[in-house]
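Student: Sharing a structure, written as structure tokens. Questions coming.
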Amino acid sequence: MAYGQAIDCFDSVLDGLVGELDVLRTPVGEAEPLLRGPVARRMAAAVRPHCHRFVTPMAAVAGAVADEVLAAMVAGRNLMRAYVNNGGDIAVHLAEGQILRAGVVDNHDAPRLDGGVTLRYDQPVRGLATSGWRGRSHSFGIADAVTVLAQDAAAADVAATLIGNAVTVDHAAVHRRPANELRDDTDLGDRLVTVDVGPLPDDAVEAALEIGVAAAEEMLCGGLCQGAYLALQSRVRTVGSHADNPVVSVGALQ
């Protein structure tokens, strides 16, 4: 019955988004008053706290869809555990006492279990998302992967996007092109996005990760995320984890 509810919900999601795409591709401050659909409103709400920088509601689209479908899936159902995985942007439902473990993969072209995430019922985390230059969406940054935990999938989606954008450095090994040369329907215009990253010296990797960590810590302090995992060329940093609460762990799942 829950799966049937999820399917019924998804049938209307894409049509609703397509009808508002032009507005969703504009900066959130301009877009939000004009949006009407439930997924579009979820997107705008997730992006609103970050409106002091350039960001459009599209930064939260995959996570917002996951949240919307999960809400439909659990409505009126007594489920112990459920999740909706929208291409790596994941909305999670946990009943009391339940946990969910997920693997973290730095490079989907050479997949292996690089880290682990454990979500618990008593933690304020119901979403996780991953961004990076290797993914389907364009990134200003050079991170192989940035995985973020947040209150819902939409919030995790936009936080992962922005932290991934922050992991950057100027170097001859980093190649960028205007976004609108790669996709004519992009919301990024002629802003430069990363298309390839060659081997970097250790100091460049560390410098890029430090900028990303600073962005993640700022979001953590502001309550906009609960933890983050940042990976670049075999180096990893985590934010929001400590010995008695390993929100994000490096290495195999425990």
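Bear in mind these aren't lab numbers, they're just calculated from the coordinates by the rules spelled out. Keep in mind the model is a prediction, meaning the values are calculated, not measured. Every residue, glycine as well, gets a Cβ built from its backbone with ideal geometry; the counts of neighbours run over all protein chains shown.
Student: Please label the shape of the chain as rounded, prolate or oblate, based on the square roots a ≥ b ≥ c of the eigenvalues of the alpha-carbon gyration tensor (a/c under 1.5 means rounded; beyond that, a/b larger than b/c means prolate, else oblate). Mind showing how you got there, number by number?
Tutor: Details: a/c = 1.83, a/b = 1.14, b/c = 1.60.
Because a/c hits 1.5 or more and a/b fails to exceed b/c, the chain counts as oblate.
Student: When the chain is fully extended, how far beyond the present Cα-Cα distance does residue 22 get from residue 218, taking 0.36 nm per residue of separation? Spell out each step's value before the answer.
Tutor: Numbers: separation 196, 0.36 × 196 = 70.56 nm, distance 3.06 nm.
Going from the current span to full extension adds 67.5 nm.
Student: Shifting gears a bit: For the chain, what does the helix formula give at 222 nm: sum of -39500 (n - 2.57) over DSSP H segments with n ≥ 4, over the residue count, nearest 500 deg cm²/dmol? Don't jump to the answer; show the numbers that get you there.
Tutor: On the way: 8 runs with 87 residues, N = 254.
Value at 222 nm, helices only: -10500 deg cm²/dmol.
Student: Over all directions, average the projected area of the Cα convex hull of the stretch 42-92 and note it in nm². Before the final figure, lay out each step's value.
Tutor: Values: hull surface 15.4 nm².
For the stretch 42-92, averaging the hull's shadow over all directions gives 3.9 nm².
Student: Which net charge results when you count Lys and Arg as +1 and Asp and Glu as -1 among the other residues whose beta-carbon is under 13 Å from that of residue 127?
Tutor: On the way: positive: 42, 126; negative: 67, 68, 89, 152, 157.
Combined, the nearby Lys, Arg, Asp and Glu give -3.
Student: With +1 on the Cβ of every Lys and Arg and -1 on the Cβ of every Asp and Glu, and nothing else charged, how large is the dipole of the chain about its Cα centre, in debye rounded to the nearest 20? It would help to have the intermediate numbers written out before the result.
Tutor: Details: 20 positive and 32 negative charges, 91 e Å.
Result for the chain is approximately 440 debye, rounded to the nearest 20.
Student: With a 10 Å Cβ neighbour count serving as the proxy for reagent exposure, in which order, fewest first, do 169, 84 appear?
Tutor: Values: 169 21, 84 25.
Going from least to most buried by this count: 169, 84.
Student: Further question on the same structure: Grab the Cα-Cα distance for residue 235 and residue 1, subtract it from 0.36 nm times how many residues apart they are, and report the gain in nm with one decimal. Spell out each step's value before the answer.
Tutor: Values: separation 234, 0.36 × 234 = 84.24 nm, distance 4.38 nm.
Between residue 235 and residue 1, full extension yields 79.9 nm more.
Student: Right, here's the next one. Could you line up 56, 26, 147 from fewest to most neighbouring Cβ atoms inside 10 Å?
Tutor: On the way: 56 21, 26 15, 147 30.
The fewest-first ordering by Cβ neighbours comes to 26, 56, 147.
Student: Quick one: Karplus J couplings for the stretch 143-151, per residue in order, coefficients 6.51, -1.76, 1.60, θ = phi - 60°, nearest Hz, x for Gly and Pro?
Tutor: Each residue of the stretch 143-151 in turn: 4, 5, 7, 10, 9, 10, 9, 8, 5 Hz.
Student: Give, as ranges by residue number, the residues of the stretch 106-144 whose backbone N falls under 11 Å from the point 7 Å along Cα→Cβ of residue 98.
Tutor: 121
Student: Sorted from fewest to most neighbouring beta carbons within 10 Å, what does the list 52, 138, 171 look like?
Tutor: Values: 52 7, 138 21, 171 17.
Ranking 52, 138, 171 by Cβ neighbours within 10 Å, fewest first, gives 52, 171, 138.
Student: Same structure again: Could you give the nm distance between label points at residue 30 and residue 120, where each point is 7 Å from its Cα heading toward the beta carbon?
Tutor: Once both label points are built, they end up 4.6 nm from each other.
Student: Please give the contour-minus-distance gain from residue 203 to residue 112: 0.36 nm per residue of separation, less the Cα-Cα distance, rounded to one decimal in nm.
Tutor: Working: separation 91, 0.36 × 91 = 32.76 nm, distance 2.54 nm.
Here the answer is 30.2 nm.
Student: Hey, another quick one. Say R0 is 41 Å: what FRET efficiency, to the nearest 0.05, do residue 81 and residue 177 get from their beta-carbon distance? Intermediate values should be presented prior to the final figure.
Tutor: Numbers: r = 42 Å, r/R0 = 1.03.
With R0 = 41 Å, the Cβ-Cβ based efficiency is 0.45.
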